[in-house]
Amino acid sequence: MGHTFLDRYYRGTSLIHHLDPRLKLLATLAFILVASSTPPRAWPAFGLLAVLVLAAILASHIPPVEVLKRSLITLPFAGMIALSLPFTQGGQSVWTWRPFGWELTVTGEGLLLCGAVLAKAWLSVLAAALLLASTSLFDLLQAMRALHVPAVLISTMSFMYRYLFVLGEEAGRLQTARAARSAGPGGGLAWRTRVLGGMIGSLFIRSYERSERIYAAMLSRGFAGEIHSLARLAWQRRDSWAGLAWTTALLAIVLLAQFRRWV
Amino acid sequence: MTQPIICVEHLTFSYPDSRRALTDVNLAVHAGEKVAIVGPNGAGKSTLFLHLNGILSGQGRVEIAGLAPVDKALRTVRAKVGLVFQDPDDQLFSPTVLDDVAFGPLHLGCPPSEVRDRVARALAAVGMTGCEALMPHHMSLGERKRIAIATVLAMNSEVLVLDEPSAGLDPRARRNLLGLLKTLPQTMLVASHDMRLVWDLCPRTVILDGGRLVADGPTAELLRDAALMEQHGLESP
């Protein structure tokens, strides 16, 4: 995975790109909160949430297919949980299957819940994918800092992002070196596992040594236990307007979802 | 004669695994001098550098402009000595160029407006104006080396200590870097295997081998002494 994949769209010029990262982070969290608290039968609310996130994607000028692709990466995780629901929920049976003496019953309630869980997960991931594609990770970390996420977590993420690519290149070199010394598919599974183990070990040791050099570099420039950085977020009027519009839309959807429940 | 800006006397250091890295090293460098430190791998060049700003401390005396890098003076000494590591990926640990160049001045306690000022001046000095928002992993090795130098220029360091500045650079990037180093007025200590760089940049050379300082003199003289160079695993340019 190269940086071209991760960092491809964050430097756009659309309204979404120019919004304050604090607003974008909060708006995404609010969206996920609303999506996950919408009751299973409130399909119109899910539809409106989809319209809302699609509108945001279109406004960002990032190709929607790209955001969709990114959102699919996490779907298997939600899918695994959702797939078990039709079989485990009590309720009216719609279909029964008896393989080898077991009895698997699919219930209507289970199917409904499965669909709702998938919809919630996917909508949430779409919003998160848009946030990540349209914001540089660095801005996101600044936003988290402003929202009082602990400094240790932020530095950890910052270092992880900085050295992800360095580590990736190192791993790539190890892989090339291995490939250069082994013709064909190589030995059996045991042999390949051993080689892989060696590679992971040597990557770990290299990273450990690098961390000591980085720490020395930080000390050399006055580091004394706490990382400072220049504050550079500036809240603009358009951030207030965008925040207001987003909140209104989400509130309307919440009301609709709750109203649907009463009927 | 004025007081030397770098003063190392009888410095001996062993790593915790009892590997002896430096033995009785003596070195005095005056303000404005450009001194090359040459020697085979493992001679102790990097270890010596880490003593200059108090990251390591051995037996003997180390003073920078009359200050020992301990206790209260540590911060001042670290501001005076700008250490540029060999691998810019070790030196540049922040997500953007701005943060990396600002790191030194911020941690030395400069107010934000002055930090921005220093960042702009340091980037201009290395010919990288306007690169504040770039991320290190999007830049070439030559560019990252320049930014690494900017990170210490922003600290207004009086002494620049460079570990293998030309390693891994292609000829053009190497030439550009050499041109940059020549224009910088700071006192410089340069560890290098690049004898042509040593020849072009540093009028004075010291040879370190096996943790001992074995020669100290004019570059032209030392580098022409083929027997001496051979003996310490080096070669004349």
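Side notes on the structure shown:
- Note on A:ALA50/A:LEU244: beta-carbon distance plugged into 1/(1 + (r/R0)^6) with R0 of 22 Å gives a FRET efficiency of 0.55.
- Computed FRET value (nearest 0.05) for B:ALA28 with A:ALA171, which takes r as the C-beta separation and R₀ as 56 Å: 0.80
- Length added when fully stretched, B:SER113-B:ARG20, from 0.36 nm per residue minus Cα-Cα: 28.9 nm
- Cross-link partners of A:LYS120 among lysines, defined as those whose alpha carbon lies under 26 angstrom from its own and excluding same-chain residues fewer than eight positions apart: A:LYS24, A:LYS69.
- Per-residue [θ]222 nm for chain A (sum of -39500 (n - 2.57) over DSSP H runs n ≥ 4, rounded to 500): -24500 deg cm²/dmol
- Euclidean distance of C-alpha centroids, segment B:166-237 and segment B:35-107, integer Å: 19
- Among B:ILE55, B:ILE207, B:ILE147, residue whose mean-square fluctuation peaks in a GNM of chain B (springs only between Cα atoms under 10 Å): B:ILE55
- Neighbour net charge for B:ARG212 - beta-carbon separation under 11 angstrom, K R +1, D E -1: -1
- Note on segment B:63-188: Cα convex hull, mean projected area over all directions, 7.6 nm².
- Modelled FRET efficiency - R0 41 Å, A:SER211 with A:HIS18, Cβ distances, 0.05 increments: 0.70
- Rounded, prolate or oblate (a/c below 1.5 giving rounded, otherwise prolate when a/b exceeds b/c) for segment B:147-237 by Cα gyration tensor: prolate
- Rh by Kirkwood over Cα pairs, then Stokes-Einstein D for the protein assembly as shown at 1.567 mPa s and 4 °C, µm²/s: 48
- Within the listed set A:ARG221, A:ARG145, A:ARG70, the residue fluctuating most in the Gaussian network model of chain A (springs between alpha-carbon atoms under 10 angstrom) is A:ARG221.
- Tensor-based shape of segment A:90-202 (alpha-carbon gyration tensor, a/c under 1.5 rounded, otherwise prolate or oblate): oblate
- Computed [θ] at 222 nm, helices only, for chain B once each DSSP H run of length n ≥ 4 contributes -39500 (n - 2.57): -10500 deg cm²/dmol
We did not get these values from a lab; they are worked out from the coordinates using the rules stated. Keep in mind the model is a prediction, meaning the values are calculated, not measured. No Cβ is skipped: glycine too gets one built from the backbone with ideal geometry, and neighbour counts run over all protein chains shown.
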